[in-house]
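Accompanying notes for the structure given below.
The values are calculated or read from the model by the stated rules, or taken from the named source; none is laboratory data. Note that this is a predicted model, so its numbers are computed, not measured. Counting neighbours? That spans all protein chains shown, and the Cβs are built from the backbone with ideal geometry, glycine included. For accessibility, only protein heavy atoms count, side chains too; no ligands or nucleic acids. Shrake-Rupley method; radii C 1.70, N 1.55, O 1.52, S 1.80 Å.
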Amino acid sequence: DGATGVNAVRAVIANTTLLCSGSTAGTNTDKGVLVTIDNASANTYTIPFFDGSSTPTATNSLINYPVKFQTSVMQLGVGQTRIVAGSGVTIRSANNMTYLRTQYSACTIIRIATNEYYMFGDITNVVV
């Protein structure tokens, strides 16, 4: 579809699926939903840093996921999706894998502590 940029298009479908047409960053509305990214080009889903304050800054997105926050990300298009840790964020996955493997692959992301997440699913380190 050619859309580019963070949060190019985000639409909630039946309150359970968030459809994005390009790279996007996590938001508070991602809790418990399936975020789908449909793009022909490589794209990213970024987990933003939260410093605990209530004042937005260049490094604090005001995204305050609770511990045990969970979301899933699915690659609908042929463009490979990479899950990216924002500055100060740690993602723990098998062998530090961060890419969804292929079209229709998905992963689950769970917050386990402040700015620390587990990620698992159909993931790889192979860039296609």
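Pairs only if they're at least six apart or on different chains, beta carbon under 8 angstrom, first in the range 37-51 and without any contact (Cβ under 8 Å) to a residue 40 or more places away in the chain and over 9 Å from Ser23 (Cα atoms), second in a strand (DSSP E or B) and open to solvent by 40 Å² or more (accessible area, probe 1.4 Å); list them, first residue then second.
Asp38/Leu19
Output the residues belonging to the range 73-102 that are open to solvent by less than 30 Å² (accessible area, probe 1.4 Å), over 12 Å from Tyr117 (Cβ atoms) and among the small types (Gly, Ala, Ser).
Gly77, Gly79
Restricted to the range 103-128, and to residues that are open to solvent by 60 Å² or more (accessible area, probe 1.4 Å) and under 14 Å from the mean Cα position of the chain (by Cα), which residue is farthest from Pro48 (Cα to Cα)?
Phe120
Please specify each residue of the range 35-48 satisfying the condition of being over 10 Å from the mean Cα position of the chain (by Cα) and surrounded by fewer than 22 Cβ atoms within 10 Å (Cβ to Cβ).
Residues satisfying the conditions are Asp38, Ala40, Ser41, Ala42.
If I go through the range 61-108 residue by residue, how many of them are farther than 18 Å from Gly22 by Cα, among the hydrophobic types (A, V, I, L, M, F, W, C) and at pLDDT 95 or above?
3
Would you please name the residue that is modelled with the highest pLDDT, looking only at residues in the range 27-57 that are assigned to a loop (DSSP other than H, G, I, E, B) and among the hydroxyl-bearing types (Ser, Thr, Tyr)? So that I can check it myself, show each step before the final result.
Of the residues in the range 27-57, the ones assigned to a loop (DSSP other than H, G, I, E, B) are 27, 31-33, 38-42, 48-57.
Going one step further and asking which of them are among the hydroxyl-bearing types (Ser, Thr, Tyr), we end up with 27, 41, 53-55, 57.
Numbers: Thr27: 78, Ser41: 94, Ser53: 64, Ser54: 59, Thr55: 58, Thr57: 52.
Taking the candidates together, the pick is Ser41.
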